[in-house]
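As structure tokens, the structure follows; a few thoughts come after it.
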Amino acid sequence: MSEVVTQHPPFGSVFADVMAIAWYRDGRWGSAEVVPLAPLPLHPAAHVLHYASECFEGFKAYRWPDGQIHLFRMDRHLERFRQSAASLVLPVPEADWVGGMVRSLIQRCQATVPEAPGALYLRPTLIGTTANIGAAASPSTEACLIVLASPVWDYFSGGAKPLKIWVEERATRCASHLGSTKTGGNYAAALGPTMAARRAHQVDQVLFCPGGEVQETGAANFLLIREGHILTRSLDSSFLHGVTRDSLLTMAGDLGYRVEERVFTVDEMMDWIKTGEAALSGTAAVLAGVGSLLRAGQAFTVADGQIGVHTQRLRSALVDIQQGRSPDRHGWLQTV
Ligand SMILES: Cc1ncc(COP(=O)(O)O)c(C=O)c1O
């Protein structure tokens, strides 16, 4: 009998066949609708296409064994969405209203929510649509808000293997005042250095450490972890304030770890990883263990090079809450 091999599609490459959409015109939002997934009618002079007036969010809904669907910390994500919109001078939608769009969308595509360990990834996206290529220095007065839904499985195509990370001490991920804004331009800015490091050193990700201070990778926060102690950069405008980071730090505190949030240097990190663990946190990656760091072309193994016990423990503790195996003590889940 031949073995059945199930191969999931890459993260973010498949979509529910419906999306939620609303347009902002004449100073107000029109009604939100759930419609078939289709290309957008967009003027070629749309503000977003020329001046990158765009922000987005990413969070997950989980199907529990009883069939019920639960959203994880949507309120925090929508608050960040509103902050991103405000910082880009886009119309700021009410959180409850966007939340309603997300719920209506999920109700219409319930069958696409995978069983655990899969999840439905929700992607609210706001774009400036004013048709004006002379508006480089003025905001878009019209906008479109869409919510996409995508069934997802593993973020890193290799599954749970220790990651190889390039330590980038020169290039910045994005402009330092925009790091906490989740805008497409930041990802475009990080792409050049990331692809260069991948080509030259075959790494999975780049850890941005401009001026020798550790920040984050292209799509995840960075945590140093060891017995009873977690160290991560304190919040400032230079990097994204991850909801997963916040959740893990809260849980780590509950589990008795000392949580230290402060600026730290690459030298301090190199010292830490001689015996301690390192991991990336994010909605997509959850908590992914780092196996090695490459600094100035030289490879350094993180502890024993495997995914550390504390990384595994914290990851499981979070996933157990998300998937309904542990109590939700902090009120992080909302039923759809
Ligand atoms: C640049 C960046 N940092 C951090 C994160 C982690 O954020 P969160 O935990 O809210 O998904 C993400 C993912 O969204 C990201 O793109």
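The values are calculated or read from the model by the stated rules, or taken from the named source; none is laboratory data. Just so it is clear, the structure is predicted and the values come from calculations on it, not from any experiment. Cβ: placed from backbone, ideal geometry, glycine included. Neighbour counts: every protein chain shown.
Being more than 19 Å from GLY58 (Cα to Cα) and within 12 Å of the ligand (Cβ to nearest atom) is the filter here, so list the residues in segment 219-234 that pass it.
LEU223, THR232, ARG233 - these are the residues of segment 219-234 that are more than 19 Å from GLY58 (Cα to Cα) and within 12 Å of the ligand (Cβ to nearest atom).
In the set ALA160, ALA136, ALA149, which member is surrounded by 16 or more Cβ atoms within 10 Å (Cβ to Cβ) and either over 27 Å from ALA95 (Cβ atoms) or away from the ligand (no atom under 16 Å from the Cβ) (or both)?
Step by step, each of ALA160, ALA136, ALA149 is checked, and only ALA149 is surrounded by 16 or more Cβ atoms within 10 Å (Cβ to Cβ) and either over 27 Å from ALA95 (Cβ atoms) or away from the ligand (no atom under 16 Å from the Cβ) (or both).
(1) more than 24 Å from ALA285 (Cα to Cα); (2) in contact (Cβ under 8 Å) with a residue 12 or more places away in the chain; (3) surrounded by fewer than 21 Cβ atoms within 10 Å (Cβ to Cβ); (4) of a type in the set (Ser, Thr, Tyr): which one isn't true of THR112, the others all being true?
Among (1) more than 24 Å from ALA285 (Cα to Cα); (2) in contact (Cβ under 8 Å) with a residue 12 or more places away in the chain; (3) surrounded by fewer than 21 Cβ atoms within 10 Å (Cβ to Cβ); (4) of a type in the set (Ser, Thr, Tyr), THR112 violates only (1).
What residue, among those in segment 28-43 that are without any contact (Cβ under 8 Å) to a residue 60 or more places away in the chain and of a type outside the set (Lys, Arg), is surrounded by the fewest Cβ atoms within 10 Å (Cβ to Cβ)?
Looking at the filtered set, the residue picked out is PRO39.
Taking segment 49-97 only, how many residues are crowded, with 22+ Cβ neighbours inside 10 Å, among the aliphatic types (A, V, I, L, M) and under 18 Å from the mean Cα position of the chain (by Cα)?
Number satisfying all stated conditions: 4.
Taking GLU79 and the conditions (1) more than 27 Å from ALA175 (Cβ to Cβ); (2) free of Cβ contacts under 8 Å to residues at least 40 places away in the same chain; (3) within 14 Å of the ligand (Cβ to nearest atom), which numbered condition does it fall short on, given that it satisfies the others?
(1)
Please report, ordered by residue number, the strands (runs of 3 or more DSSP E) entirely within segment 1-87 with at least 2 residues that are under 27 Å from SER326 (Cβ atoms) and at pLDDT 95 or above.
Numbers: elements: 18-25, 33-36, 54-56, 59-63, 69-72.
In segment 1-87, the matching strands (runs of 3 or more DSSP E) lie at 59-63, 69-72.
List the number of the failed condition for THR244; all other conditions in (1) within 14 Å of the ligand (Cβ to nearest atom); (2) in contact with a Pro (Cβ under 7 Å, 6 or more places away or on another chain); (3) of a type outside the set (A, V, I, L, M) hold.
Checking THR244 against (1) within 14 Å of the ligand (Cβ to nearest atom); (2) in contact with a Pro (Cβ under 7 Å, 6 or more places away or on another chain); (3) of a type outside the set (A, V, I, L, M), the one that fails is (2).
Show me the strands (runs of 3 or more DSSP E) found entirely inside segment 123-218 where at least 2 residues are among the aliphatic types (A, V, I, L, M) and farther than 30 Å from ASP17 by Cα.
Working: elements: 143-152, 163-168, 205-208.
Those strands (runs of 3 or more DSSP E) span 163-168, 205-208.
Out of all the residues in segment 278-290, which are at pLDDT 95 or above and more than 26 Å from GLY211 (Cβ to Cβ)?
Listed by number, the residues that qualify are THR283, LEU287, GLY289.
Any idea which of VAL263, VAL302 is more than 16 Å from the ligand (Cβ to nearest atom) and either surrounded by 16 or more Cβ atoms within 10 Å (Cβ to Cβ) or at pLDDT below 95 (or both)?
VAL302
Okay, residues lined up against (1) closer than 30 Å to VAL48 by Cα; (2) crowded, with 22+ Cβ neighbours inside 10 Å; (3) touching a Pro at 6+ places or on another chain (Cβ under 7 Å); (4) touching a residue at least 24 places away in the same chain (Cβ under 8 Å):
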| position | (1), (2), (3), (4) |
| --- | --- |
| THR181 | yes, no, no, yes |
| GLY192 | yes, no, no, no |
| PRO210 | yes, no, no, yes |
| SER237 | yes, no, no, yes |
| VAL259 | no, no, no, yes |
| LYS274 | no, no, no, yes |
